[in-house]
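Undergrad: My questions all concern the structure below.
The values are calculated or read from the model by the stated rules, or taken from the named source; none is laboratory data. The structure displayed is predicted, hence computed values, not measured ones. Note that each Cβ is placed from the backbone with ideal geometry, even for glycine, and that neighbours are counted across all protein chains shown.
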Amino acid sequence: MASTALTAGSLPDGLMALPGVYRPQDDTRLVAEALAQEPLTPGAAVLEIGTGTGALALQAARRGARVTAVDVSWRAVATARLNALRQRLPLRVVYGDFASAATSSRFDLVVSNPPYVPAAVLPMRGPERAWDAGPDGRAVIDRICTSAPALLRPGGVLLLVHSGLCGAQETVERLTARGLVADVTTRTFVPWGPVLRSRRAWLEQQGLTPAAEELEELVVIRAQYL
């Protein structure tokens, strides 16, 4: 979970967020920069998993893509729909789990800033679902890796951002095992935010971070289904 506000100029301005909806931060900015580098032909099919405010989905829609955005939070779905209306951009926003919401389609591009913060308990409701992802932080990441071949068209690309606490190499290996060509394309470090600071002792006990760590590594992974 990054700690500073979004500053990426490539994202639509004037986004709003209903209470309890994850606001774009450094992790969103990183994957937005990666998205800006991907060639998107008009009408390209794009899926965003865990859309939140819809920031990434709207970035793709602004470039002429046909975008489906999925989230398990009704507040996030409402927020993304409102932002699409405010931006006057076409956006299909679906409530539910991505594995069932997008089963009938394949996409040229799948982008996600999923929950990835290690947590003792995997939340079933509340705003924590936007960032807490089980004891190793991989509850959603691993499902995306497993589902990627079914979601992507041949030649399609997955862009995924998460914390180095979750193990970037494990993500690359899981995607490679599923037949994708995967690599870490971006690494950066940001100050720990309030969520990580609040569970420092637990993270140290789990061996997920050294004592007195102050910076969180964020990684963007690009994987192509050939």
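Undergrad: Looking at region 81-99, can you tell me whether even one residue there is closer than 22 Å to CYS145 by Cβ, free of Cβ contacts under 8 Å to residues at least 40 places away in the same chain, out of contact with any Pro (no Cβ under 8 Å at 6 or more places or on another chain) and surrounded by fewer than 17 Cβ atoms within 10 Å (Cβ to Cβ)? Walk me through it before giving the result.
TA: Here is the first cut: in region 81-99, the ones closer than 22 Å to CYS145 by Cβ are 94, 96-99.
Now restrict to residues that are free of Cβ contacts under 8 Å to residues at least 40 places away in the same chain: 94, 96-97.
Next, from what is left, pick out any that are out of contact with any Pro (no Cβ under 8 Å at 6 or more places or on another chain): 94, 96-97.
Right, trim to surrounded by fewer than 17 Cβ atoms within 10 Å (Cβ to Cβ) and you get 96-97.
The answer is yes, given that some residue of region 81-99 is closer than 22 Å to CYS145 by Cβ, free of Cβ contacts under 8 Å to residues at least 40 places away in the same chain, out of contact with any Pro (no Cβ under 8 Å at 6 or more places or on another chain) and surrounded by fewer than 17 Cβ atoms within 10 Å (Cβ to Cβ).
Undergrad: What do you reckon, is ALA44 modelled with pLDDT of 95 or more and either touching a strand residue (DSSP E or B) at 6+ places or on another chain (Cβ under 7 Å) or on the phi > 0 side of the Ramachandran plot (or both)?
TA: Numbers: modelled with pLDDT of 95 or more: yes; either touching a strand residue (DSSP E or B) at 6+ places or on another chain (Cβ under 7 Å) or on the phi > 0 side of the Ramachandran plot (or both): yes.
Taking the combined requirement at face value, the residue satisfies it.
Undergrad: While we're looking at this one, here's another question. Could you tell me which residue of region 100-134 is farthest from GLY193 (Cα to Cα), considering only residues that are crowded, with 19+ Cβ neighbours inside 10 Å and polar (S, T, N, Q)?
TA: Selected residue: SER112.
Undergrad: So GLY193 fits all but one of (1) out of contact with any strand residue (DSSP E or B) (no Cβ under 7 Å at 6 or more places or on another chain); (2) modelled with pLDDT of 95 or more; (3) within 19 Å of PRO115 (Cβ to Cβ); what number is the exception?
TA: Exception for GLY193: condition (2).
Undergrad: Pick out the one residue from ALA69, ALA8, ALA2, ALA17 that is among the aliphatic types (A, V, I, L, M) and either surrounded by fewer than 17 Cβ atoms within 10 Å (Cβ to Cβ) or at pLDDT 95 or above (or both). Walk me through how you get there before you give the answer.
TA: Numbers: ALA8 fails: either surrounded by fewer than 17 Cβ atoms within 10 Å (Cβ to Cβ) or at pLDDT 95 or above (or both); ALA2 fails: either surrounded by fewer than 17 Cβ atoms within 10 Å (Cβ to Cβ) or at pLDDT 95 or above (or both); ALA17 fails: either surrounded by fewer than 17 Cβ atoms within 10 Å (Cβ to Cβ) or at pLDDT 95 or above (or both).
Checking each option against the conditions leaves just ALA69.
Undergrad: If only one of GLY193, GLY207 is without any contact (Cβ under 8 Å) to a residue 12 or more places away in the chain and of a type in the set (Gly, Ala, Ser), which one is it? Walk me through how you get there before you give the answer.
TA: Working: GLY193 fails: without any contact (Cβ under 8 Å) to a residue 12 or more places away in the chain.
It is GLY207.
Undergrad: So for region 66-79 (the condition being more than 22 Å from SER147 (Cα to Cα) and assigned to a loop (DSSP other than H, G, I, E, B)), does at least one residue qualify?
TA: Scanning region 66-79, I find no residue that is more than 22 Å from SER147 (Cα to Cα) and assigned to a loop (DSSP other than H, G, I, E, B), so the answer is no.
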